[in-house]
There are 6 protein chains.
Amino acid sequence: MPKDHAPPTLYILNPNSTAAVTAGLDAALAPMRGHSHIPIVCLDLPGGPPGVQTQQDIARVTLPLLAQAQALVPSAGAFVIACFSDPGLALLREQLPRPVLGIGEAGVLTALTLGQRFGVVAILPGSIPRHHRRWAEMGVAARLAGERALGLGVTELGDRGQTLARALAVGRQLRDDDGAEVLVLGCAGMAWLREPLQQALGMPVVEPTLAAAAMALGRISWRDAA
Amino acid sequence: MPKDHAPPTLYILNPNSTAAVTAGLDAALAPMRGHSHIPIVCLDLPGGPPGVQTQQDIARVTLPLLAQAQALVPSAGAFVIACFSDPGLALLREQLPRPVLGIGEAGVLTALTLGQRFGVVAILPGSIPRHHRRWAEMGVAARLAGERALGLGVTELGDRGQTLARALAVGRQLRDDDGAEVLVLGCAGMAWLREPLQQALGMPVVEPTLAAAAMALGRISWRDAA
Amino acid sequence: MPKDHAPPTLYILNPNSTAAVTAGLDAALAPMRGHSHIPIVCLDLPGGPPGVQTQQDIARVTLPLLAQAQALVPSAGAFVIACFSDPGLALLREQLPRPVLGIGEAGVLTALTLGQRFGVVAILPGSIPRHHRRWAEMGVAARLAGERALGLGVTELGDRGQTLARALAVGRQLRDDDGAEVLVLGCAGMAWLREPLQQALGMPVVEPTLAAAAMALGRISWRDAA
Amino acid sequence: MPKDHAPPTLYILNPNSTAAVTAGLDAALAPMRGHSHIPIVCLDLPGGPPGVQTQQDIARVTLPLLAQAQALVPSAGAFVIACFSDPGLALLREQLPRPVLGIGEAGVLTALTLGQRFGVVAILPGSIPRHHRRWAEMGVAARLAGERALGLGVTELGDRGQTLARALAVGRQLRDDDGAEVLVLGCAGMAWLREPLQQALGMPVVEPTLAAAAMALGRISWRDAA
Amino acid sequence: MPKDHAPPTLYILNPNSTAAVTAGLDAALAPMRGHSHIPIVCLDLPGGPPGVQTQQDIARVTLPLLAQAQALVPSAGAFVIACFSDPGLALLREQLPRPVLGIGEAGVLTALTLGQRFGVVAILPGSIPRHHRRWAEMGVAARLAGERALGLGVTELGDRGQTLARALAVGRQLRDDDGAEVLVLGCAGMAWLREPLQQALGMPVVEPTLAAAAMALGRISWRDAA
Amino acid sequence: MPKDHAPPTLYILNPNSTAAVTAGLDAALAPMRGHSHIPIVCLDLPGGPPGVQTQQDIARVTLPLLAQAQALVPSAGAFVIACFSDPGLALLREQLPRPVLGIGEAGVLTALTLGQRFGVVAILPGSIPRHHRRWAEMGVAARLAGERALGLGVTELGDRGQTLARALAVGRQLRDDDGAEVLVLGCAGMAWLREPLQQALGMPVVEPTLAAAAMALGRISWRDAA
């Protein structure tokens, strides 16, 4: 905890260098700021890749992410790693004297409170095996209804109409064919999809950065409890 | 969400009638109030049992708890059921148009972000099989290192020195014999134990009402996100 | 055990108030009476709901069911709760000095002796998540091939031709798409479906009240073994 | 089902050649005969080993057991294989037109209705890995609290005082160290231990041949239900 | 280990009597011979069935397989049981002083190094439940994406064009509908399918006899390490 | 596969810079060289840490390990990452056109063929939670009997007498208290312990680099099978 009287900050670390994603996160977190005194600051990773999509991307951002976080420790109350693959989560937890949450982990744990079986809307098919390893590692794979990918490239994702249409199709499959009762958005940059998906599908949709931020704010607060 | 401009309230429902437990919860939640604009109100259940320890206690509080919550819906942002057995959790989720969290569930899910294997400090040995059913139902039993009971009666729990000594002994067994990396306090009324346990054992200890409150505050905030 | 010389009775408790369901159970159990000296008595729950379909229904029948059973203890050898959601099972086991079986639990355990993966024919889609929680709690979810619902309302269930047609369609999906080798009827009131389904699908079908009654009769007999 | 009017018989097949074990089974089943019209006949396997303790014993009895059962089919209602390793269970189920139960499987499934976590009292340490494979195959290993062996040889088992003392010690370990709420006797020849163990330990103890016989009697009865 | 200086032999035991299958295995293993000094000898089981497809086939080959292997011990370095159902695996491990591998087990364990979720291409639908029991017993069922059968009879399997076409269709379903990242050929006699399947589907395909032989050669080598 | 006629090499990559560990691996692999034509070359990682013990060590070696391997691809048949934490395994598999095995994964998979429940002898207690995550991710945690650490520092490990004594004590606990039937050495540098442990404990002990090398040699051989 910061020893002085400045309130500790919750840092949301976007491990890619795409400012638009960081801006999207920042906008998505606005309602939480309305309810909390704790400052929430979203940062991207200068020099990071435009997106984190492969094991190589993950390997490349891990140590820079640690360095970025270490420099922020004095003013930090907690950190959220805002990439659904939770790059560097175990490392930052080992090395930092502050709580660290990952949005993949927190998104799924939150989904477990909203339905017995969760579905994941991934961006790329190639991420699904990596995610499956993660649900297994977390010990929650028995609660997974299924995971399906939008299968859209970066350019296509910019077309919100097309992306929403595809997300609705995938969400319906997860709900109707796989038995999901709750969906998790499998990427930090899809916050705008939460509400329209939720309305159209009639089921809860978890935006994982919001889920992680809520858990992180709690962790900052508890520290004062001693 | 309340339609008017009064901020929605987070109701922490203690399903027993022991005002001292409710007061303890209220005190434990103080630091969270310092960081959030959302009012947090702790209530006990008039006419409830002095404690919820058996399946019969659970059966008896379930419908009164629902009635209590239903009356609060207009001003409610979310509800937390502040009993580690999560009585009525599925029922309130089915019947209420607001998020409902249970402290047993939220405490364990939060512990999953603090260590690979969690230990539970229960009050009574007789609760352990019921909790085991719950971890299995949640699909997280593979993450359980072990659960052990203080084995203290209500009168004895009032003796804080004795209770702390017993909790330390149980915590050491969970850490050293069972391999727990994080502990969860298996009762709503043990918040004062968190900090001394944490210090003495050198491992994180989750107070489950704080864990549930953090998740619930997030859920209230997200509703504004649409 | 009853202390006098009257044979202990197996009570089959239908926790709803629909006499036709109770009569159907009574008829279904006829062949077991032909093989056993132990009286089998089927009762409905006066004042219970017409059917048990929601968490609220479950909450409402739990304590009345306990009261009904407690009054029967002197003449009882064992109890079967004849509702696939096993309402009050943990409670009655805690409070009664007699064996208590639930048809959901016993139906599935019996299915485990008839095939490696079981399918469940539910009435309503809304019950499936509740059942999934139950299979997880029982620790047998790895043996589940799938669960699918007839999706028929109460009035439609009265039309046996339509109900059988729908059950055959659902059973074929469970067998051919999901890989079930044995089916469990997910309701106390579908006993008449067992034989035609079994014949048409060429696979074993478990009627759960018969399954529970068999286990309960055994438990009554063993008590004499001391 | 036998086509004539002679009642179908439940055959309890002891796959070893030790008549004393068969006689013990026969005595243990006496109370079930008092409650059922269905004849129960216990047979040993002429030419079988004195006991079934190794994979080699299992391999040697499998085909003779099938041959013995096949010859009994005309008068049989169902078969119980009365050896805790369930030798030949999958084979007899494949080849016989009658229900076949194994006491290992039925004993454990019955224990699942008597406690959340079961303990197994084995005779020999060398059988425990084989049993672990079986609980895993059955998909119920998450419910296992532990398995411990008496570690007594055949001669020593004949000394009932010593055997009971050892079973009590092992049962206390399973209850107190491993957290078992119910015990299963891991052998067909320990029926006399059930009642004294149950009394001394204050917990239910399943005699697996009784458990299998109850399920088998049910299966015979249901056949008449069509 | 053989005490003399003749190199220990790896025996590949085909538990059926079809010489063409053994010849196919022998051809499939040719590349491994090019890299290893250890002799690899493939044998069929004189008097065995033409194929091992049922529990009865398994029961019938088990003891002859043991006898065959026991006679080979003096010259043996290790044994591979070349039938996907691993008949007699536990028995041979118990009785023989040499390493014993089964191709079902080794094929699946090897697949776990090639993808997060594996698919199995079985010959007959009737084998699938038996295989499911095996994956559960091995504790690896959570990694199974699915298993599907060619559904071709012995005569049809001889038509390589038809068999390949069917294997491609099944492989595509496992990959696209079930999410398999790696396939295992569920039979000893399909080695010729590995390469064309791998090429056409763009995913790794495990030939289980090669997988078992690799593990067995390692075990022979390590023995020299002492 | 190398396109020329030079035999492909199996590279054993020790991701630390301690030449003594590499030399120990090299010696341990000697017997495998006696049986295989495939060259086996052990390399350490210049600039790597003296040992890989933390998440930070893992993060630091991952990209250099990839670079080292990429430079070796032209002559490589396969790679083994010779560190029990399998650093960079997913990354190298993603980026390299050659089979990549990790000794943690291969060691445990091989243990699954030697006993129903495996025990792991770790060096440091701090590695155990990381390993638990790995067994969960691999989906084999149900087969784990337990993991215990030697708790010896680098200097102490140099004292072979003390290390063996400690390994024997830990191995006995895993065998007798935890029920392990087979042990896995949880480090690349403990090969010399295998034989004395195996002899003294009377149970198989897996040296994980040998296990991985065997699987890797097989993978090199199969490539020729097309």
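Observations
- For residues of F:104-114, the mean tally of beta carbons on other chains within 10 Å: 5
- Tensor-based shape of region B:8-77 (alpha-carbon gyration tensor, a/c under 1.5 rounded, otherwise prolate or oblate): oblate
- Dipole in debye (nearest 20) - region E:105-207, about Cα centre, beta carbon charges: Lys, Arg +1; Asp, Glu -1: 100 debye
- Each copy carries a label point for residue F:126 at 7 Å from Cα along the beta-carbon vector; from one copy to the others these points are 3.5, 4.5, 4.5, 5.4, 5.9 nm apart, nearest first.
- Taking the longest Cα principal axis of chain A as reference, the axis of helix A:55-72 is set at about 30 degrees.
- Counting Cβ atoms of other protein chains within 10 Å of each Cβ in D:29-36 and taking the mean gives 6.
- One quarter of the surface of the convex hull around the alpha-carbon atoms of region B:105-207 equals 5.6 nm², the direction-averaged projected area.
- Peptide A:50-58 has a mean shielding of 3, counted as Cβ atoms of other protein chains within 10 Å of each residue's Cβ.
- Cα convex hull of chain F, projected area averaged across orientations, nm²: 12.0 nm²
- Portion, in percent, of the accessible area of the protein assembly as shown that falls on carbon or sulfur, probe 1.4 Å: 55 percent
- Measuring from the axis that maps chain D onto chain F, the chain D residue with the nearest beta carbon and its rounded distance in angstrom come out as D:142, 5.
- Cα long-axis angle, helix C:19-28 against chain C (0 to 90 degrees, to the nearest 10): 90 degrees
- Solvent exposure of region D:105-207 amounts to 33 Å² per residue of accessible area, where only protein heavy atoms count and the probe is 1.4 Å.
- Taking the square roots of 5 times each eigenvalue of the Cα gyration tensor of region D:164-226, largest first, gives ellipsoid semi-axes of 29, 12, 8 Å.
- By the equivalent-ellipsoid construction on the alpha carbon gyration tensor, region C:37-164 comes out with semi-axes of 25, 19, 15 Å, ordered largest to smallest.
- Projected label points at residue A:164 and residue D:173, each 7 Å from Cα along the beta carbon direction, are separated by 6.5 nanometres.
- For chain A, the Cβ-based charge dipole about the Cα centre amounts to some 240 debye (Lys, Arg positive; Asp, Glu negative; other atoms uncharged).
- Residue with peak Gaussian network fluctuation, chain B [Cα springs, cutoff 10 Å], from B:69, B:167, B:200: B:200
- Calculated label separations, residue A:17, copies of the chain, 7 Å along the beta-carbon direction, nm: 2.8, 6.7, 7.2, 7.2, 8.2
- Probe 1.4 Å, all protein chains present, accessible-area order of B:192, C:222, largest first: B:192, C:222
- Degrees, to the nearest 10: D:160-172 long Cα axis against longest axis of chain D: 70 degrees
- Sorting E:10-19, F:41-50, B:103-112 by average packing, meaning the other beta carbons within 10 Å per residue, from highest down gives B:103-112, E:10-19, F:41-50.
- With the label put 7 angstrom out from Cα along the Cα-to-Cβ vector, residue E:202 ends up 3.8, 3.8, 5.2, 5.6, 6.6 nm from the copy partners, going from closest to farthest.
- Stokes-Einstein, applied to the Kirkwood radius of the protein assembly as shown over Cα pairs at a viscosity of 1.002 mPa s and 20 °C, places its translational diffusion at 66 µm² s⁻¹.
- Peptides ranked, highest mean first, by Cβ atoms within 10 Å: ranges C:123-129, D:55-61, C:155-161: D:55-61, C:123-129, C:155-161
- Along the axis of the charge dipole computed for chain E (Cβ charges of +1 for Lys and Arg, -1 for Asp and Glu, origin at the Cα centre), the listed residues E:32, E:49, E:97 are led at the positive end by E:97.
- Alpha carbon convex hull of region A:79-143, volume per residue in cubic angstrom: 90 Å³
The values are calculated or read from the model by the stated rules, or taken from the named source; none is laboratory data. None of the values given here were measured: they were computed from a predicted structure. Neighbour counts are summed over all protein chains in view; Cβ atoms, including those assigned to glycine, are modelled from backbone coordinates with ideal geometry. When the accessible area is computed, the model is the full protein with side chains, heavy atoms only, and any ligands, DNA or RNA have been set aside. Shrake-Rupley method; radii C 1.70, N 1.55, O 1.52, S 1.80 Å.
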